[in-house]
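Chemist: Sending over a structure as structure tokens; questions will come in a sec.
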């Protein structure tokens, strides 16, 4: 015989979101992921923070000024792109901010979400193959399994 569970108090579980963090990798999927997260945040009246983590510089014995300048230029370009994405979404959803970090992408997103007591992390999955999952390129599973708050993984529909 199966039992039916009833909620005696319909307000026993009320979902409240105050802060949504969006992990942004600056790929072509980012604008759609951000738009989805903004619509989600808007429905709850939550703030939205776009987080991009620039992977740490790979240090080699052969590092020189040219390599360093290339790294710094790429880092500045990534930060500009993050701000551009935030400016675009702020037109529709002004409660939007950015956080730019350097380090391991999944770990830094999780750390930031924890620091600001995020209620939700939104990230994208690119339907990667076995090899990219094996070598840790896909960040969504790493965020999903280690975050201290709920994680929503956005999958873009392919037409």
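The values are calculated or read from the model by the stated rules, or taken from the named source; none is laboratory data. This one's a predicted model, so the numbers in the text were calculated from it and none came from an experiment. Heads up, the Cβs are rebuilt from the backbone with ideal geometry, glycines too, and the neighbour counts pull from every protein chain shown.
Chemist: In the set 35, 113, 39, which member is modelled with pLDDT of 90 or more, more than 14 Å from the chain's Cα centre (by Cα) and not in a loop (DSSP other than H, G, I, E, B)?
Modeler: Criteria check complete, one pass: 39.
Chemist: On the given criteria, is residue 100 out of contact with any helix residue (DSSP H, G or I) (no Cβ under 6 Å at 6 or more places or on another chain), surrounded by 14 or more Cβ atoms within 10 Å (Cβ to Cβ), closer than 15 Å to residue 23 by Cα and at pLDDT 90 or above?
Modeler: The answer is no for residue 100.
Chemist: Taking the condition of being assigned to a helix (DSSP H, G or I) and at pLDDT 85 or above, how many residues in the stretch 42-78 meet it?
Modeler: Here the count works out to 10.
Chemist: So, one more: Taking the stated definitions as given, is residue 82 under 18 Å from the mean Cα position of the chain (by Cα), assigned to a helix (DSSP H, G or I) and at pLDDT 95 or above?
Modeler: For residue 82, the condition - under 18 Å from the mean Cα position of the chain (by Cα), assigned to a helix (DSSP H, G or I) and at pLDDT 95 or above - is met.
Chemist: Quick check on the stretch 127-135. Is at least one of its residues at pLDDT 85 or above and more than 14 Å from residue 19 (Cα to Cα)?
Modeler: no
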